[in-house]
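K.L.:
Below you'll find the structure I mean.
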Amino acid sequence: MDKNGPHSSPGGGKFTLPEGGKSRRVFLLLRDAIAGGQYPADSLLPSEQRLAAMHDVSRVTVRRALDALAADGLIEKRAGAGSAVRAAVPAMAADMTTFIPQIVAMGRQTEVRLLSFSYDEAPPQVAAALKLARGALVQRAVRIRLVRGRPFSHLTTFVPEAIASNFSEADLANTPLFELLERGGARIESARQSVTAALATPEVAPALGVSVGSALLALTRTVYDDAGRGIEYLSALYRPDLFRLDMAMARVGTGGGRQWQPVIGGASEETPS
């Protein structure tokens, strides 16, 4: 795949990186400025001449960056007016302290597309997390979730064969996994998860509609039932411009022992990215 040219994504949009290191730098700086609210929806970006002076590059370089922003759907070129920022898709938000019920609700509020479905031998890290014997089979499913037609998450789930036999590929394409697990008799009790950063690989980038090498939010979660058995292993990748994790904090303690503590049940809301 030529990472410099435009490509179609499952969300129907385009993603591209402009040719040349300087154009890519301008593209990334402008994209971050738009995402950060420096240029709000419907506002005009500075002129090509002004942007060239601001970034100490040629107008040709700026034009390439603007073309890439337009291909990504972030700006709209208006004849005689310049480049206007398009309204952003609202970002999905989840609070770290109430994450499990929120992702159940998110499953009902967003669209899902199943990319692949199979039964395979559990990878070593999955077998260890789910406490499975070496060589045990798991159902592996790869899905993307979309908000308003734009993909924001790439989800790879592993479920032990005995549990996964309670639902089909068609079920997984239409129903949130948590509902399917509970419908099959699993009593979800707890989960352990970690959050880090990752880069979009050539396999993941087209599915999320981003450029290869784009920064992503990576979340790994293992879900356990009331008997302590592992029933799901999730490897999730999120677009940081369309998804965020929030956490409400409170200052507790007295004197020199005061510290920050998460507020259980802290509120979160969906806000534009």
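K.L.:
Please report, in whole Å³, the volume per residue of the convex hull around the C-alpha atoms of the stretch 7-85.
P.N.:
Details: hull volume 7.4 nm³, N = 79.
In the stretch 7-85, the Cα convex hull volume per residue is 93 Å³.
K.L.:
Something else: For the stretch 111-258, compute Rh as the Kirkwood radius over C-alpha pairs and then the Stokes-Einstein diffusion coefficient at 25 °C and 0.890 mPa s; write the answer in µm²/s, rounded to an integer. List each step's numbers first, then the result.
P.N.:
Details: Rh = 16.7 Å.
Answer from the Stokes-Einstein relation: 147 µm²/s.
K.L.:
Just to confirm a number: summing +1 for Lys and Arg and -1 for Asp and Glu over residues other than residue 49 whose beta-carbon lies under 12 angstrom from that of residue 49, what do you get? Present the calculation step by step, with values, prior to reporting the outcome.
P.N.:
Working: positive: 50, 59, 63; negative: 48.
Result for the neighbourhood of residue 49: +2.
K.L.:
Once the other residues with Cβ under 11 Å from the Cβ of residue 76 are scored (Lys, Arg +1; Asp, Glu -1), what is the net sum?
P.N.:
Working: positive: 77, 78, 86; negative: 42.
Local net charge: +2.
K.L.:
Could you work out the relative contact order of the stretch 7-85? I mean the mean sequence separation of Cα pairs under 8 Å and 6+ apart, divided by the number of residues, in percent. Present the calculation step by step, with values, prior to reporting the outcome.
P.N.:
Values: 92 pairs, mean separation 29.4, N = 79.
Result for the stretch 7-85 is 37 percent.
K.L.:
Report the gain in length on full extension from residue 261 to residue 47: 0.36 nm times residue separation, minus Cα-Cα distance, nm rounded to one decimal. All intermediate terms of the calculation are to be shown ahead of the outcome.
P.N.:
Details: separation 214, 0.36 × 214 = 77.04 nm, distance 4.64 nm.
Using 0.36 nm per residue and subtracting the Cα-Cα distance, I get 72.4 nm.
K.L.:
OK, next. Using θ = phi - 60° and the Karplus curve 6.51 cos²θ - 1.76 cosθ + 1.60, what whole-Hz ³J(HN,Hα) does each residue of the stretch 171-188 get, with Gly and Pro shown as x?
P.N.:
3J(HN,Hα) across the stretch 171-188, in whole Hz: 4, 5, 7, 10, 9, x, 4, 4, 5, 5, 4, 5, 5, x, x, 5, 10, 5.
K.L.:
With unit charges on the beta carbons (Lys and Arg positive, Asp and Glu negative) and the dipole taken about the Cα centre of the stretch 7-85, which residue among 28, 62, 74 sits farthest to the positive side?
P.N.:
Of the candidates, 62 comes out farthest on the positive side.
K.L.:
Then there is this: Order of 193-199, 123-129, 203-209 by packing, highest average Cβ count within 10 Å first?
P.N.:
Working: 193-199: 11.7, 123-129: 16.3, 203-209: 20.3.
Top to bottom by mean Cβ count within 10 Å: 203-209, 123-129, 193-199.
K.L.:
Report the local net charge at residue 23: Lys and Arg +1, Asp and Glu -1, summed over other residues whose C-beta lies under 10 Å from its C-beta.
P.N.:
Working: positive: 22, 24, 25, 63, 64; negative: 19, 67.
In short, +3.
The numbers here are math on the coordinates, done by the rules we state, and not lab data. This one's a predicted model, so the numbers in the text were calculated from it and none came from an experiment. Here Cβ is always computed from backbone atoms with ideal geometry, including for glycine, and neighbour counts include all displayed protein chains.
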